[in-house]
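Notes for the one structure printed next.
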């Protein structure tokens, strides 16, 4: 979307003049990309599925809200920037957009404090810290596969996800690799592939372990869409219900959005247009509540196509 400098109206790409005031639209400048050395902190809860099984849903939501808020507060207090929350995991970067000579030390101190905070909340987590070179784009944000996916460059997203997926395999890491596998499957699905995304989703559900709520929800949501595309509606309905059951045990908007979009896909394939519209609207609301406006707009296009 291009924003008019005169009136602030958003216009579709390709417009030469603003659809609201008629002013000429300036072509957006090519994004500036630079290499920077940063330190990444990644925190992933363990045992979250088992926790959901034995905890009242309202109490679980309160606990998870406390976890998200406490992690963000600690990371920002030490000078980090929360890059994203994925289910019950959080990734933060030190060195972008503001860099300090002691970013690595700040990250380690934050990780130590996060470990103590997680324990005080009655939770358990794995926390990793790593320093290396990354590519920073416009606004000093990381150029990640997630960014490429959001802007619709699925070839580039798949390329980056596959590099990470293969590297994690070489390192023998399974937990985060399972999540990356799901995202690689999503990018390949958007490129028209079906067999490899299905295999990646199945592998992720096995690889992630019995407590990986995110992968169970994401994996079944992806498999439901694939089954619907193949005309296997009974399997698609079952996978959709299973994805929803896992998604309802989470308070995280990204999970709700992914699951609701899959349910809308299945309903559309089954010819239930009103139900599909309602599910897509729920997905849009979940995207917007998390600030994913680009993904919300993409889902809104599915409504137009009904």
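The values are calculated or read from the model by the stated rules, or taken from the named source; none is laboratory data. Bear in mind that the values here come from a model prediction, so they are computed numbers and not experimental data. Ideal geometry is used to build each Cβ from the backbone, glycine not excepted, and the neighbour counts take in all protein chains shown.
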Quiz item: Which residues, counting only those in segment 258-291, are under 20 Å from residue 227 (Cβ atoms) and under 19 Å from the mean Cα position of the chain (by Cα)?
Solution: 258, 259, 260, 261, 262, 263, 264, 265, 279, 280, 283
Quiz item: Can you find even one residue in segment 81-96 that is in contact with a strand residue (DSSP E or B) (Cβ under 9 Å, 6 or more places away or on another chain), modelled with pLDDT under 85 and more than 30 Å from residue 207 (Cα to Cα)?
Solution: yes
Exercise. For segment 103-138, name all the residues that are assigned to a loop (DSSP other than H, G, I, E, B) and surrounded by fewer than 12 Cβ atoms within 10 Å (Cβ to Cβ).
Key: 122
Exercise. Identify the residue in segment 225-250 that is under 28 Å from residue 83 (Cβ atoms) and surrounded by 18 or more Cβ atoms within 10 Å (Cβ to Cβ) and, among all such residues, is modelled with the lowest pLDDT.
Key: 250
Quiz item: Going by the conditions given, is residue 176 over 24 Å from residue 232 (Cβ atoms) and touching a residue at least 12 places away in the same chain (Cβ under 8 Å)?
Solution: yes
Practice problem: Hey, can you tell me all the residues within segment 70-97 that are in a loop (DSSP other than H, G, I, E, B) and free of Cβ contacts under 8 Å to residues at least 40 places away in the same chain? | Solution: 78, 79, 80
Exercise. For segment 173-192, state whether one or more residues are part of a loop (DSSP other than H, G, I, E, B), farther than 26 Å from residue 45 by Cβ and either modelled with pLDDT under 95 or within 15 Å of the chain's Cα centre (by Cα) (or both).
Key: yes
